[in-house]
Each structure stands twice: as structure tokens, then as C-alpha cells.
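What follows is a short report on a single structure.
Coordinate-derived values only; no laboratory data. Keep in mind the model is a prediction, meaning the values are calculated, not measured. Cβ atoms come from the backbone with ideal geometry, glycine included; neighbour counts cover every protein chain shown.
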Amino acid sequence: MSRLASPTAASRSQPLNRRSFLTAAIGMMLGQLLSGCSGQNRLTLSLRVLNGSIPPQVVGEFRKHLRQTLPSGAVNLAIEPQLQRLFELLQTWKRQGQVDTSGWFGWVPLVGKRSSTAVPDLVTLGDYWLEKAIEQELLQPLDPKQLQGWEQLPQEWKALVTRASATTAPRVWGAPYRWGSTVIAYRQDIFKEKGLQPPTDWSDLWRSDLRGRISLLDQPREVIGLTLKKLGQSYNTPNPDAVPQLRDALTALNQQVKLYSSDAYLQPLLLGDTWVAVGWSTDILSTAQRSPTIATIVPKAGTALWADLWVRPAAAKPELSSLVADWISFCWRSEIASQLSLLSRAASPAVLGMPPANLPIALRQDSVLLPEAAIRQASEFLKPLDRATADQYQALWHHLRQGAVG
């Protein structure tokens, strides 16, 4: 399921993107790592996480930490392959009003059957889904005073999760633990063979020498957003119908595209059917690691950002376990934040407040995982749109996919 999908959209499998099912081998390793002993006197932290977003090594380090600080503590973890499924579970728990997480089952393979609906302490949620979750009262707020490392987070990450609801003043509804961006991947071997200049910005997608050789995400906010960015506008532009040249630019871009897909945009690139692909950094970094012919850049004009958050289900026990605050704070520790960034291929927001000299060389030198400051400042999280603006985006997308915008 794509990161920008509507909460009501149908699920679908995505073999190459970051929402794919965890393999059985990794699942067994995580199960053995996390289940531990199950004595009744144990204080247990239960997590429901997006596949691939928390490396086993990080959880292993947390278990070592617990042995030193809380020997009776334990961690149980369940993996979900899609953000949509995690959002739906929040809705399910709210409807059922479950508050008892005793007897939490630990990790079980999810392939071939539906997972348990026991309410965990913390759940992964994408930032794009946060507004809906708050509106539907699916979450409990967090108290940042209990979270070590909150004050060191960049202001834009604090603002991302600090929102007002219909009934409350602004409160903190989530704890961001990693983030990524929309990037451009290209076949550097083909570009070299044909004597083409490598892409550096969104404007390169309109080059005549790339016509019919581009794959784009099947996402209106991404495609219209990058076009707006190319025109010097914001991804979150209200009233896009009033932006000069937007329709013409979308029409021209559509003529460049060979494929729209949110789950299969990398296969044509690997096969050489396309030379350029726009996609999510976690997908592309993973593929580029296995395929040295693929190079990746973050557009100079800035790009769309996304974040994975820890949120607390409304149906979870109201009292905040010391383990919950400890886990969130642990993820923001400098050494853990660096490890999480490199292993999950999505940077922790905590590393942005660290002196560059204190970062691992591999992280410091990765211009996609950790883009330079000027690009980050020009980039944006996708914000919820009002109904009138959302309708304009959908109308533009409909005409674009029909082959003409006008």
C-alpha cells in the first residue's frame, strides 16, 4: 500500500516496496529475539510496527538496555506489511474498546492469516495518516516531558506531530522515529553509454532526450507536487488551478512517462525499459544497494518528505508505561538513531540535531539518506488538503491520466 493511499482504499501487495511482507527467515529471527521469557511478573512493552522500519539489531540493543535497567522488562513485537493495515487496526481497536493487553501473543507470522487484534502500547503510523487518526479519535496524546530527546528534535519534526483536534488545544500525538523522501533514480550506465547528462532536479524530467523513458508514482500528490515544485511552488499549494503553466507542464510531463506505478516502478528501470524512475527513498536505496547501475539523487529544488511515527492507540491502557517512554527515548539516542538510519535506510530525525562529526561516515556521506541542509529546508511534508483543494488535485489527476490536461 502506498504511503499516500486513502485510509479506505483497497490493499494490494507490493513486492519491491517497503511495505512488502517480512520473509519467514527474518520473522523467525525476530520472534526468537523478541519473545524472551514470559513470566507473569514481567513488565512487557508491546509494539506493532511497519515491516522494515525497526531493524532487529536496534531491538536487540534495547533488550540489552533492559537487562541493565529493568531486568524484569520484556519486548513483544508484531510486524505489519502495510501502513493501511496499521491504520485499520487503530480503527478496529477503537470500535472494540479493547483495553487489556495481557496475554499479548508476541510475534506471529502474518502470511496466510489475519493477525491478532490485541492492543499494543505503540504502533507505527505514517505522518500522512495522522490527521485522520486524530479526527477519528483513534489515538492518545503523548506527554513530551516524559520523552528524553524531544527537546533536541528539529522544530519542523515537533510541529509535524503537534496538532489540535476538534475538542482539544494542540497536543503531541506521535513521536517521529525515521523519515525519508521522494527521489529520482536513474540508470547511470545507460546515461554514460548515450552521453546524457545525469539528472539533478525535477526539471530534468521534461528533457526531450528522456521522452518515454520515465516511470512515475501513481500518486496525484506526488506527481502534481513535483510539477508544482518545478514551477517554484509548494507541494501543498492551495487552489492549484490558479497556478500559471501548471496544466501545460502536466501535459508535457505526461508525454514523457512510460509507466505510472506505486509498486512496480523499479522493475522497468532494472530491465532498462525506463532510464529514470521517481519513487520513495527506502525502496530505491534498497534496490540501488543490490544494483550498482542505479544512481539516486534528491532534487535540488526540494522534495516531498514522509515520516514514520510512534503513536499510542486510544484503546491502549491510559497509564503510560515507563517502558513506552523508555523505548521512544531509546530510539532518539545518538548511537541508536545512527544505527536505525543506516539499517532501515531512513534517517532518524534525531541525527539532524547531532554535530556532523559525530555521525558515522557512511551516514555523513550519504546525500540521499541525509540530504544537504539547503535541500532539506526546501523540502516539505505533505499536509492535509481542504475539500475544495483536494477536488482540484483529483480533477487535474483525472485529466492527466486521460492523456490531456486542459
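Quick notes
- Tail fraction, Cα-Cα pairs, segment 175-327, threshold 29 Å, whole percent: 27
- The residue among 150, 136, 186 whose Cα reaches farthest toward the positive pole of the charge dipole of segment 133-197, with charges on the beta-carbon of Lys, Arg, Asp and Glu, is 186.
- For segment 306-406, the alpha carbon convex hull comes to 187 Å³ per residue, rounded to a whole number.
- Relative contact order, percent, segment 338-397 [alpha-carbon distance under 8 Å, six or more residues apart]: 24
- For segment 176-231, the share of alpha carbon pairs falling in successive 10 Å distance bins from zero is 18, 50, 25, 6, 1 percent.
- Cα centroid separation - segment 333-406 against segment 226-256, whole Å: 19
- Distance violations [Cα-Cα > 23 Å] among 258/383; 194/258; 132/317; 230/383; 145/317; 132/300: 258/383; 132/300
- Counted by Cβ distance under 11 Å from residue 203, the other residues give a net charge of +2, where Lys and Arg count +1 and Asp and Glu count -1.
- Highest to lowest packing among 377-385, 129-137, scored as the average C-beta count within 10 Å: 129-137, 377-385
- Taking Cβ atoms as reference points and 13 Å as the exclusive limit, the residues near residue 73 contribute a net charge of +2, counting Lys and Arg as +1 and Asp and Glu as -1.
- Remark on segment 254-323: ratio of C-alpha radius of gyration to 2.2 N^0.38 Å is 1.66.
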